[in-house]
Amino acid sequence: MSAFAPSALRRSLVAAGTAAVLAAALAACGSSDSSMPGMDHGTHPSTASSTGSVPGTDHHSMPGMDHAGMGDGLTDTKDGYTLTSTAAELRAGKDPAYTFRITGPDGKPVTSFAVDQTKRMHFYAIRSDLTGFQHVHPTMTADGTWTADLTALTPGTWRAYASFTPETGSGKGTGFVLSRTVTVPGTAKDTPLPAAAATTETDGYTVNVKGQPMSGMAHPLTVSISKDGTPVTDLQPYLDTYAHLTAFHEGDEAFAHLHPETKVTGADGGPDLDFQAMLAKPGNWRLFLQFQTGGSLHTAALTLNVG
Ligand SMILES: [Cu+2]
């Protein structure tokens, strides 16, 4: 048997106690540095059975529940680290490159980044109406200039997020998500956010999300993938997981990266994938689930309402 429990046993652990779940979540967090400050998910009491109002819940007592400094990803600077870019505008209709740097507390570009989920830099772009999701892995030149190759953007306001962990300096081992807005000139047309739903389809796959997260707390979320009514069991590892889940908050584009609890144990994963959902605020979140089969990457999106 592998070091990690199979999903059936894992589910029984969920029933048995949140501490075990949180320990598993912590173990599977994908961090490159086990000493991440504040990642003490285990100190918070279980909220799994709380479905009504929870007046005694103190959200402020959860230091580090935002994955140690990631916060909501809505600022371009945190703890001395700043996302800088000269790109305030990008042209519509053409595959643009977004160029940026991360500067450290000394004001100089950071060039040393730790590998997290197989990459030193994760980059996301989303339009203000939460359409047009892009997740790419930029390349860096020796002077710390990163280039993210994007596919064509539609006119409007976009937000660009850089997710990284410094390998040296005061931020060593801390996960950051910093973002800036980018304007794409032209006639902007917003798409209404699709209604909240438990199921969505992409590329012939049906993705079902089970769980009702509450804001400000870690909550289990299970994603099940099927095709033509048959559970999918040939998920290939993608970025060290069987599925990569990011979420953006309606209205302010707050960012959340949901950490997989299901550890990669071989070439074939699925159909059920467990996540720890930590969504900072109530409202609608647009979830983007990325998974790989037969060498192809699929992206499923659905709206989750969080109370
Ligand atoms: Cu990435």
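The values are calculated or read from the model by the stated rules, or taken from the named source; none is laboratory data. In this text the structure is predicted, and so the values were computed from the model without any measurement. In this analysis, Cβ positions are derived from the backbone assuming ideal geometry, glycine residues included, and neighbour counts consider all displayed protein chains.
Would a scan of segment 163-170 turn up a residue that is within 16 Å of the ligand (Cβ to nearest atom), assigned to a strand (DSSP E or B) and either among the β-branched types (V, I, T) or crowded, with 16+ Cβ neighbours inside 10 Å (or both)? Yes, some residue in segment 163-170 is within 16 Å of the ligand (Cβ to nearest atom), assigned to a strand (DSSP E or B) and either among the β-branched types (V, I, T) or crowded, with 16+ Cβ neighbours inside 10 Å (or both). All told, D76 meets the bar of being at pLDDT 90 or above, crowded, with 16+ Cβ neighbours inside 10 Å and not aromatic (F, W, Y). I'd like the full set of residues that are touching a Ser or Thr at 6+ places or on another chain (Cβ under 8 Å), within 16 Å of the ligand (Cβ to nearest atom) and either on the phi > 0 side of the Ramachandran plot or of a type outside the set (G, A, S) (or both), limited to segment 93-119. Passing the criteria: Y98, F100, I102, F113, V115, D116, Q117. Hey, Q117 hits all of (1) surrounded by fewer than 16 Cβ atoms within 10 Å (Cβ to Cβ); (2) of a type in the set (S, T, N, Q); (3) within 16 Å of the chain's Cα centre (by Cα) but one; which does it fall short on? Unmet for Q117, out of (1) surrounded by fewer than 16 Cβ atoms within 10 Å (Cβ to Cβ); (2) of a type in the set (S, T, N, Q); (3) within 16 Å of the chain's Cα centre (by Cα): (1). Does at least one position in segment 248-266 carry a residue that is away from the ligand (no atom under 15 Å from the Cβ), without any contact (Cβ under 8 Å) to a residue 12 or more places away in the chain and not polar (S, T, N, Q)? Looking through segment 248-266, at least one residue is away from the ligand (no atom under 15 Å from the Cβ), without any contact (Cβ under 8 Å) to a residue 12 or more places away in the chain and not polar (S, T, N, Q).
A count restricted to segment 232-245 and to residues that are surrounded by fewer than 21 Cβ atoms within 10 Å (Cβ to Cβ), farther than 12 Å from D268 by Cα and in contact with a Pro (Cβ under 9 Å, 6 or more places away or on another chain) stands at 1. Among the residues of segment 135-158, the ones that are within 28 Å of G80 (Cβ to Cβ) and within 16 Å of the ligand (Cβ to nearest atom) come to 10 in all. With respect to being in contact with a Pro (Cβ under 6 Å, 6 or more places away or on another chain) and touching a residue at least 12 places away in the same chain (Cβ under 8 Å), P271 fits the description.
When D143 is tested against (1) exposed (fewer than 13 other Cβ atoms within 10 Å of the Cβ); (2) of a type in the set (D, E, K, R); (3) in contact (Cβ under 8 Å) with a residue 60 or more places away in the chain, only condition (3) is not met.
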